[in-house]
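J.: If you scroll down you'll find the structure; I have some questions about it.
The values are calculated or read from the model by the stated rules, or taken from the named source; none is laboratory data. A quick note: this is a predicted structure, and the numbers were derived from the prediction, not measured. For neighbour counting, all protein chains shown are included, and Cβ atoms are generated from backbone atoms with ideal geometry for every residue, glycine included.
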Amino acid sequence: MLAEVQEKYADHLARCERILSKPPSYWKSHPILQLIAEGEGQNLEFKETLEANTHTGEKHPGVLQSALKTIAAYLNTVGGTLLIGVSDSGEIKGLDRDLQFCKHNNLDGFELKLRDLVGSSRFSPNPLGMVNISFEELPEGTVCRVDVEPLARPEVQHFDNNIYVRDGNRTIKLEGPTLTKWVKERSGD
């Protein structure tokens, strides 16, 4: 039983251990560190990479899909912040693994790639002006901060012709009666 609990909550336990290993002044020393100390939730998500498989380092479409779904879900709920380059356990991993897949292999190329993805036909309507991308240089590595504003009701964000929302610390796809109910509530009917 204990082994099951440790496995299920490994990332959370690792994040707690990491937080407790440093003094409070460290976590208060930078806005990104403050967010990491808060941990993932309704309005905060960590992604270790944008599209690199964390085990092989190779480009993996499923990893990219997960980050883009989170952005779409933030647009459909109350907004939020996505930190790319931070593991689920709160460890800063940086962006080096992703830079190899960007034009010029630099932060400018990374931002252009991310903006092109968010502005692509995969997002409908185009969330122009709703997604702010910035970079924070920390001793452990560079983190990409993606701040997403919510769409005004009753507008609905589609990603790959699907609707995603945040439910606590997870992103879910709405379907069937749940989707119908959500759309009715969003439109005020």
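J.: How many of the residues making up the range 165-189 are within 21 Å of GLY39 (Cα to Cα) and either loosely packed, with under 11 Cβ neighbours inside 10 Å or of a type outside the set (Asp, Glu) (or both)?
T.: Of the residues in the range 165-189, 7 are within 21 Å of GLY39 (Cα to Cα) and either loosely packed, with under 11 Cβ neighbours inside 10 Å or of a type outside the set (Asp, Glu) (or both).
J.: Scan the range 30-39 for residues that are out of contact with any Cys (no Cβ under 9 Å at 6 or more places or on another chain) and either surrounded by 12 or more Cβ atoms within 10 Å (Cβ to Cβ) or without any contact (Cβ under 8 Å) to a residue 60 or more places away in the chain (or both) and jot them down.
T.: If the condition is that a residue be out of contact with any Cys (no Cβ under 9 Å at 6 or more places or on another chain) and either surrounded by 12 or more Cβ atoms within 10 Å (Cβ to Cβ) or without any contact (Cβ under 8 Å) to a residue 60 or more places away in the chain (or both), then HIS30, ILE32, LEU33, GLN34, LEU35, ILE36, ALA37, GLU38 are the ones that fit.
J.: Of everything in the range 16-52, what is among the polar types (S, T, N, Q) and either within 21 Å of ASP116 (Cα to Cα) or in contact with a strand residue (DSSP E or B) (Cβ under 7 Å, 6 or more places away or on another chain) (or both)? Give them in sequence order.
T.: Scanning the range 16-52 gives GLN42, ASN43, THR49.
J.: So how many residues does the range 43-61 have that are assigned to a loop (DSSP other than H, G, I, E, B) and at pLDDT below 95?
T.: Of the residues in the range 43-61, 7 are assigned to a loop (DSSP other than H, G, I, E, B) and at pLDDT below 95.
J.: Could you pull out the residue among GLY176, GLY119, GLY129, GLY168 that is without any contact (Cβ under 8 Å) to a residue 60 or more places away in the chain, under 18 Å from the mean Cα position of the chain (by Cα) and at positive phi?
T.: One residue alone meets the criteria, GLY129.
J.: Okay, moving on. List every residue pair whose Cβ atoms sit under 6 Å apart, with the two residues 6 or more apart in sequence or on different chains, where the first one lies in the range 1-29 and is in contact (Cβ under 8 Å) with a residue 12 or more places away in the chain and the second, anywhere, is in a helix (DSSP H, G or I).
T.: Cβ pairs passing all conditions: ILE19/ALA37.
J.: Of all strands (runs of 3 or more DSSP E) completely enclosed by the range 97-189, which ones contain at least 2 residues that are within 28 Å of ASN53 (Cβ to Cβ) and in contact with a helix residue (DSSP H, G or I) (Cβ under 7 Å, 6 or more places away or on another chain)?
T.: The strands (runs of 3 or more DSSP E) meeting that bar are 131-138, 141-148, 164-167.
J.: While we're on this one: If a residue must be closer than 19 Å to THR81 by Cα and more than 18 Å from the chain's Cα centre (by Cα), how many such residues does the range 138-155 contain?
T.: Matching residues across the range 138-155 total 2.
J.: Which ones in the range 68-83 are of a type outside the set (Phe, Trp, Tyr), within 10 Å of the chain's Cα centre (by Cα) and over 10 Å from HIS158 (Cα atoms)?
T.: Those that are of a type outside the set (Phe, Trp, Tyr), within 10 Å of the chain's Cα centre (by Cα) and over 10 Å from HIS158 (Cα atoms): LEU68, THR70, ILE71, GLY80, THR81, LEU82, LEU83.
J.: Also, I was wondering about something else. Name every residue in the range 23-60 that is touching a Leu at 6+ places or on another chain (Cβ under 9 Å) and over 30 Å from PHE101 (Cβ atoms), in order of residue number.
T.: TYR26, TRP27
J.: Then there's this: Suppose we keep only residues that are farther than 28 Å from SER134 by Cβ and not in a helix (DSSP H, G or I) within the range 1-42. Which one would you say is modelled with the highest pLDDT?
T.: Result: TYR9.
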